[in-house]
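Notes to accompany the following structure.
Readers should treat all values here as calculations from the given coordinates under stated rules, not as data from a laboratory. This one's a predicted model, so the numbers in the text were calculated from it and none came from an experiment. As a convention, Cβ positions derive from the backbone with ideal geometry for all residues, glycine included, and neighbour counts pool all protein chains shown.
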Amino acid sequence: MTTPRTEHLVLPGVLTAEQAVATVHGILAAQREDGAIPWFRGHHLDPWDHVEAAMALDAAGEHAAAERAYAWLARHQNDDGSWYAAYTDGEAALVQDRARETNFVAYVAVGVWHHYLSTGDDAFLDRSWPTVRAAVEFVIGLQQPGGQIGWKRADDGTPTEDALLTGCSSVHHALRCALAIAEQREEPQPDWELALGTLRHAIRSHPERFLDKSRYSMDWYYPVLGGALTGAEAGARIREGWDRFVVPGLGVRCVVPNAWVTGGESAELALALWATGESDRALEILQSIQHLRDPESGLYWTGYVFDDGAVWPRELTTWTAGSLLLAVAALGGHEATVAVFGGELLPLGLDTDCCA
């Protein structure tokens, strides 16, 4: 294995340089030769978490490994631009879940833009453009008249009109990255700009257009992490849910009232806090989940049931490690990660307001 670059991955109370190397090597050890990054060896791969782990590899300077991950996606993309929700671990990559979830499909745009900003590789962007374009067209094809995007298309082709706030917030982020790619290539996409604007308005102004998943912490912070809420609105939303979801010294609950904190949600909240200028609180959150670190592998347990004092499930997942590395990279000033998750330079699309 190569020696990862750790200058942006060292954070007091979170990662030393040696620990950062171990965590990156833990993800690399799980990656298959064909580029696939399953949750862990023997478990399935889903496209969203695969991309998150690939972005973490880019943040560590492991660009060849990250590029293999994106090549895997290009090879396995369906004719309609989608990917299935889950694939078995193994050379055959058999389909395990045949649903095609819109936020899973859209996220390739975030990863491709992050890789380009990390490497400056124009040839990679050219190769990836057809993949990104087809994925975005699949996703906006499920957009509803109110701007929200149905969360999946079933295996028989039936679209699901129900929309999820977390998923749509992630799609919002992905559409901004897709438009950045289009701008870089000088290929205007006015339909994407309109889709982005109407989606943002739905997220900001119409909670009734989404299924009620308010018990889940992701529905709390994802409108901020996905860039739909910024400034004072973002700060107010974070304050509103803080006491419900944050367990001091342990991390972030996945769902209330369950006594279960999870590493992925905690690291993502830290990213959202950093994006709103709350770097000190972001650091505290990342420090609070170091009890989930496995010193042998450098990876992180998915979660911890604090009423029972038990790690659960007994899974060391690449995406949990990936989310932590990305949060650390943002706080450490890694330029590509800052640009992608800070969002200041990402396109905003067309402003729309159905309420005007």
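Note the full-extension length gain between residue 43 and residue 280 as 0.36 nm times their separation in residues minus their Cα-Cα distance, in nm to one decimal.
Contour length minus the Cα-Cα distance gives 81.8 nm.
Quick check: residue separation of residue 287 and residue 144 times 0.36 nm, minus the Cα distance between them. What number comes out in nm?
Numbers: separation 143, 0.36 × 143 = 51.48 nm, distance 4.04 nm.
Here the answer is 47.4 nm.
Which residues in the range 28-44 have a backbone N closer than 20 Å to a point placed 7 Å from the Cα of residue 92 along the Cα-to-Cβ line?
Counting backbone N atoms under 20 Å from the label point, the list is 32-44.
Per-residue HN-Hα couplings for the range 58-68, Karplus 6.51 cos²θ - 1.76 cosθ + 1.60 at θ = phi - 60°, whole Hz, x for Gly and Pro?
Going residue by residue, I get 5, 4, 9, x, 8, 6, 5, 5, 5, 5, 4 Hz, with x marking Gly and Pro.
For the range 296-341, divide the Cα radius of gyration by the Kirkwood radius and give the resulting Rg/Rh value with two decimals.
1.13
Using only Cα atoms, what is the ratio of the radius of gyration of the range 16-122 to 2.2 N^0.38 Å?
Rg over 2.2 N^0.38 Å, computed on Cα atoms: 1.03.
Looking at the range 153-244, which GluC sites (Glu not before Pro) are DSSP coil and have at most 10 other C-beta atoms within 10 Å of their C-beta?
Those that pass, being in a loop and sparsely packed, are 186.
First measure r as the distance between the Cβ atoms of residue 123 and residue 34, then evaluate 1/(1 + (r/R0)^6) with R0 = 25 Å and state the FRET efficiency to the nearest 0.05.
My answer for the efficiency is 0.75.
Between rounded, prolate and oblate, where does the range 166-259 land on the alpha carbon gyration tensor, with a ≥ b ≥ c its root eigenvalues, rounded for a/c under 1.5, else prolate if a/b exceeds b/c?
prolate
Taking a quarter of the surface of the convex hull around the Cα atoms of the range 80-160, what do you get in nm²?
If you wrap the Cα atoms of the range 80-160 in a convex hull and average its projections, you get 6.4 nm².
Going through the range 74-182, which trypsin sites (Lys or Arg not before Pro) have at most 16 other Cβ atoms within 10 Å and a DSSP loop state?
98
Loop only by DSSP, 10 or fewer other Cβ within 10 Å of the Cβ. Give me the GluC sites (Glu not before Pro) in the range 55-100 that pass, ordered by residue number.
Counting only loop positions with at most 10 other Cβ atoms within 10 Å, the GluC sites (Glu not before Pro) in the range 55-100 are 91.
Any idea which of 202, 177, 259 is furthest toward the positive side of the dipole for the chain, if Lys and Arg beta-carbons carry +1 and Asp and Glu beta-carbons -1?
Of the options given, the answer is 259.
Assuming R0 = 35 Å, can you tell me the calculated FRET efficiency for the pair residue 297 and residue 194, based on Cβ-Cβ distance, to the nearest 0.05?
0.15
Could I have the simple spin-label model distance between residue 205 and residue 160, label points 7 Å from Cα toward Cβ, reported in nm to one decimal?
In this crude label model, residue 205 to residue 160 measures out at 2.8 nm.
At a 10 angstrom cut-off on C-beta neighbours, averaged per residue, how do the peptides 301-313, 246-258, 218-230 rank from highest to lowest?
Order by mean packing, descending: 218-230, 246-258, 301-313.
How much net charge surrounds residue 334 when only other residues with a Cβ under 14 Å from its Cβ are counted (Lys, Arg +1; Asp, Glu -1)?
With Lys, Arg at +1 and Asp, Glu at -1, the net is -3.
Classify the chain as rounded, prolate or oblate from the Cα gyration tensor: take a ≥ b ≥ c as the square roots of its eigenvalues, call it rounded if a/c is under 1.5, otherwise prolate when a/b beats b/c and oblate if not.
Rounded, because the longest to shortest axis ratio a/c is under 1.5.
What is the gain in length, in nm to one decimal, between residue 315 and residue 214 on full extension, counting 0.36 nm per residue of separation less the C-alpha to C-alpha distance?
Answer, rounded to one decimal: 33.8 nm.
Kirkwood Rh, the range 215-340, all Cα pairs: how many Å? Walk me through the numbers before you get to the answer.
Working: mean 1/r = 0.0692 Å⁻¹.
That comes to 14.4 Å for the range 215-340.
What dipole magnitude, in Debye to the nearest 20, does the chain give about its Cα centre under +1 on Lys/Arg Cβ and -1 on Asp/Glu Cβ?
Value, rounded to 20: 420 debye.
Let me have the 222 nm mean residue ellipticity of the chain computed from DSSP H runs of 4+ only, each contributing -39500 (n - 2.57), with the sum over all residues rounded to the nearest 500.
-16000 deg cm²/dmol
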